[in-house]
Amino acid sequence: MTQGKASFHLLDGGLQSTSILSTARPVRPPTESLDLYQLQPCVGELTTAFKATEGRLSKLLEDRSRVGRDLHDSVLQSLYAIGLNIEAARRSRNDQTMERKEADDRMIHQINQLIHEIRGMIRELESGSVQEFDLSSELSTLCSTYEQAGRLCIKLDIQRSAVEVLTHEEEREILNIVREALSNCARHADATRVVISIRMRGARVRVSIQDDGIGFSPSDGHPRGYGLANMEARAKRLGGVLRVQSKTGAGTHVIAEFSLEPQLTSI
């Protein structure tokens, strides 16, 4: 304990007088730990945060189970039905040519491959594990599928250093953007050649899909399709932007670009 004196100025009949009061205070070490009562608010906040996290995890597990059931009950069953219909149509045809048989075989092979991939997704959802993902291999498989299905010739131009810096989430979003763009090429563009590139541009990654199809005029008033909106949403989730450049008769160029570093924007 240390002794000290404190001065107080009092008013006595309008005249100022001074009174001395002796005080005593305990000496505390300079690095004193927090008392329990001081931690009480923190404990309450942590408990609330843990309960909220537990609720979110429970909800995520329920969502995983629901997605797995939907994939099995809806998507897989539909694919099985499509495969059976193709087989039935092939058996009932009288004018079966070699080219048509090969086309049917390709379709059935692709359906079986898709069934295999979806069953793998269901197993991952049920087990909670995440399968190793390699963007370059996935893109090669995707391109091979489209080349076998039609007359599309696809060139991949992937910069290794650009892929190595990507997270798995970024890789999956890029794969889905490319898949959507290739689907548009095959269904609408009447293209014969597509070039897909993933390259670094400073601190940014640029994904480019360019075809030699019929193209379109951005000012012709056609409504925006779901595919384009989907690609834009995926690019936005990566913190980037999507641009589509096209001209009637001159093909289409889809560019998704996002930064690997956080960008500061004014509010």
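The values are calculated or read from the model by the stated rules, or taken from the named source; none is laboratory data. What you are looking at is a predicted structure, and each value in this text was computed from that prediction instead of being measured. So basically every Cβ, Gly included, is an ideal-geometry build from the backbone, and we count neighbours across all protein chains shown. Ligands, DNA and RNA are stripped out before the accessible areas are found, and what is left, the full protein with its side chains, is counted by its heavy atoms. Shrake-Rupley method; radii C 1.70, N 1.55, O 1.52, S 1.80 Å.
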### Task
Looking only at segment 158-172, count how many residues are closer than 14 Å to Arg237 by Cβ and more than 17 Å from the chain's Cα centre (by Cα).
0
### Query
Would it be correct to say that Gly213 is open to solvent by 20 Å² or more (accessible area, probe 1.4 Å) and over 23 Å from Ser259 (Cβ atoms)?
no
### Query
From Gln245, Gln210, which residue is part of a strand (DSSP E or B), in the same structural domain as Leu166 (by the TED database) and modelled with pLDDT under 95?
Gln245
### Task
State whether one or more residues within segment 112-122 are in contact with an Asp or Glu (Cβ under 8 Å, 6 or more places away or on another chain) and either under 30 Å from Leu166 (Cβ atoms) or not assigned by the TED database to the domain that holds Val194 (or both).
no
#### Entry: Residue under evaluation Val130, criteria (1) open to solvent by 50 Å² or more (accessible area, probe 1.4 Å); (2) at pLDDT 80 or above; (3) β-branched (Val, Ile, Thr), criterion not met
(2)
### Filter pass, Arg204 being charged (D, E, K, R) and closer than 13 Å to Ala162 by Cα
yes
## Note on the structure
Note on segment 171-190: residues out of contact with any Lys or Arg (no Cβ under 9 Å at 6 or more places or on another chain) and either part of a loop (DSSP other than H, G, I, E, B) or surrounded by 20 or more Cβ atoms within 10 Å (Cβ to Cβ) (or both) are Val178, Ala181, Leu182, Asn184, Cys185, Ala189, Asp190
### Query
Are any residues in segment 145-159 more than 30 Å from Asp73 (Cβ to Cβ) and either surrounded by 13 or more Cβ atoms within 10 Å (Cβ to Cβ) or free of Cβ contacts under 8 Å to residues at least 24 places away in the same chain (or both), and if so, which ones?
Glu147, Gly150, Leu152, Cys153, Ile154, Leu156, Ile158, Gln159
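Residue-by-condition table, conditions (1) of a type in the set (Val, Ile, Thr); (2) in contact with a helix residue (DSSP H, G or I) (Cβ under 9 Å, 6 or more places away or on another chain):
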residue	(1), (2)
Glu180	no, yes
Ser183	no, yes
Ala189	no, no
Arg204	no, no
Val207	yes, yes
### Summary
Of the residues in segment 87-102, those that are in a helix (DSSP H, G or I) and exposed (fewer than 15 other Cβ atoms within 10 Å of the Cβ) come to Glu87, Ala88, Ala89, Arg91, Ser92, Met98, Glu99, Arg100, Lys101, Glu102
### Query
Scanning for something at pLDDT 80 or above, among the small types (Gly, Ala, Ser), assigned to a helix (DSSP H, G or I) and open to solvent by less than 100 Å² (accessible area, probe 1.4 Å), does segment 65-79 turn up at least one residue?
yes
#### Entry: Glu117 at pLDDT 80 or above and open to solvent by 60 Å² or more (accessible area, probe 1.4 Å)
yes
#### Entry: Ser137 being under 20 Å from the mean Cα position of the chain (by Cα), free of Cβ contacts under 8 Å to residues at least 12 places away in the same chain and under 22 Å from Ser208 (Cβ atoms)
yes
### Message
For a quick check of your reading of the model, give me the residue pairs whose first member lies in segment 95-124 and is in contact (Cβ under 8 Å) with a residue 12 or more places away in the chain, whose second is charged (D, E, K, R), with beta-carbon atoms closer than 7 Å and at least 6 apart or on different chains.
### Response
Asp104/Arg90
